[in-house]
1. Given a Förster distance of 51 Å, report the FRET efficiency between Leu384 and Lys150 from their Cβ-Cβ distance, rounded to the nearest 0.05.
2. Please give the net charge around Thr315, taking every other residue with its beta carbon less than 15 angstrom from that of Thr315, where Lys and Arg add +1 and Asp and Glu add -1.
3. Under the rule of at least 5 residues apart or a separate chain, name every residue whose amide H is placed under 5 Å from the amide H of Ser333.
4. Sorted by mean Cβ packing within 10 Å, highest first, what order do the peptides 246-258, 213-225 take?
5. Hey, what angle do you get for helix 349-371 against the long axis of the chain, alpha-carbon based, 0 to 90 degrees rounded to 10?
6. What chymotrypsin sites (Phe, Trp or Tyr not before Pro) does the stretch 134-180 have in DSSP loop regions with at most 16 other beta carbons within 10 Å?
7. With a sphere of radius 15 Å drawn around the Cβ of Gly287, what net charge do the other residues whose Cβ falls strictly inside it have (Lys, Arg +1; Asp, Glu -1)?
8. Place a +1 charge on the Cβ of each Lys and Arg in the chain and a -1 charge on the Cβ of each Asp and Glu, then give the dipole magnitude about the Cα centre in debye, rounded to the nearest 20.
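What follows draws every value from the coordinates through simple rules; no lab data is involved. On a predicted model such as this, the values are computed, not experimentally measured, just so you know. A quick note on method: Cβ atoms are made from the backbone with ideal geometry, for glycine too, and the neighbour counts reach across all protein chains shown.
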Amino acid sequence: ANVVTVGTFTIPLMKKAGLTATKAGAIEVAAGVNGQLMPPIMGAAAFIIAEFLGMSYTNVMVAAVIPAFVCYAGLFFIVHLESCKLGLKGNGDCSKVSKLRIIFSGIHYIIPILVLLFTLLILKESAISAAFNSICVLFLIMIIQEPAKKTIFGEKVGKSDFIVGFVDIFWAMVGAAKNMVTVAVATALAGIIIGSISLTGLGQVLSELVEAVAGNSIVLILLMTAIMSLILGMGLPTTANYIVVSSLIAPVILILAGKNGFLIPAIAVHLFVFYFGILADDTPPVGIAAYAAAGIAKANPVTVGLQGFVYDLRTAVLPFAFFFNNKLLLIQSIGDPMDSKSIVWISDPLQIVLIFATAIVGMFAFSSSLQGWFVTKCNPVERLLLLLVTPLMLVPNICAKFIEFIP
């Protein structure tokens with residue numbers, strides 16, 4: 001839905017700027033699919049993560065915020081470097097009046113999001129209360145938006161302008177009710193799956209099976225989890241995919257991580273599964289989002305999916321990074337991996353800025369290596385060196401331990 005809604009006007013603009021239909025579609029796929037990763041609105045799965053782990057939705061947002069911004073920064077770098085390779089430049093033929101119209105056509109929709117953030121982070125209210133307050137503000141905006149825009153641009157305001165707002169609210173409520181059906185089914189499914197695993201002992205059997213296949217290699221079990229999420233995601237929605245994989249594999253990962261000397265918070269494992277569940281939407285051969293974007297771009301859906309998957313490799317790197325470097329989730333330390341209350345969160349602004357800055361540098365290095373372009377075209381050796389910079393920036397703690405063993 002995100003790809004279709006936004007891609008309807010962004011893909012033609014990218015093609016007009018000089019990008020090929022395949023690359024324009026792939027960029028929209030990479031941008032649209034990753035929308036669920038960005039707080040404060042992270043989709044139904046994020047609320048289920050909070051429910052599974054017994055932590056507040058605010059804490060889930062806090063943990064997800066740096067990886068989400070780094071993910072989109074990576075896409076920005078990829079698009080910029082792609083444009084540099086092709087010698088593309090922005091289209092500056094937009095008048096001041098049209099710019100103002102564009103700004104006022106949608107800037108007011110930021111207000112409900114700000115209300116949501118203020119209620120969650122400052123007032124510390126529940127997710128339900130914050131959502132209710134945001135919806136009330138959104139209803140008010142929908143009623144007055146048309147009269148307000150016409151007043152700003154000196155146009156005549158009529159009764160029909162107010163009626164349009166009430167009609168929009170009605171259809172928005174209808175759409176919300178339909179969307180809630182998906183959430184309700186997913187929540188019911190979660191209970192059935194967890195109950196089945198607990199009563200049948202499937203979790204213990206699967207744990208032994210995975211441990212037998214992966215041995216004590218935490219990297220191997222993470223790769224198996226990623227592949228399982230991608231395969232299940234071909235036939236399941238993101239939320240259902242997350243529920244199945246997290247219920248079956250997350251406990252196994254935590255156990256094996258403990259055996260390997262890693263004290264990993266459960267939120268890192270669940271976000272790992274969440275990320276790869278989302279990536280299934282643009283992973284060939286299915287890649288539902290790729291087919292949607294290809295239809296708009298008038299391109300081959302297979303090539304759009306493959307190109308989108310290449311662009312989304314930056315997203316696939318991040319779960320491995322925050323699994324081994326929990327500071328990317330703003331987690332300083334943890335006592336019990338399964339107890340969210342034992343998490344010590346990073347609150348020092350300077351430390352947060354440093355974590356974010358190093359992650360951005362690492363992502364830029366990875367994007368440059370992926371595109372084969374830095375200031376100018378990179379040769380294979382330069383691309384390899386840029387690729388080696390990525391783990392140094394994203395997981396410096398692991399790299400430091402590895403360097404200690406080098407004689």
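1. Details: r = 58 Å, r/R0 = 1.14.
After rounding, the FRET efficiency stands at 0.30.
2. Here the count lands on -3.
3. Under 5 Å from the amide H of Ser333: Val344.
4. 246-258, 213-225
5. The angle comes out at about 90 degrees.
6. Working: sites: Phe139, Phe153, Phe162, Phe166, Phe170, Trp171; in loops: Phe153.
Here the sparse-neighbourhood loop sites are Phe153.
7. Numbers: positive: none; negative: Glu28, Asp281, Asp282, Asp312.
Neighbourhood net charge equals -4.
8. On the way: 22 positive and 19 negative charges, 253 e Å.
It comes to approximately 1220 debye.
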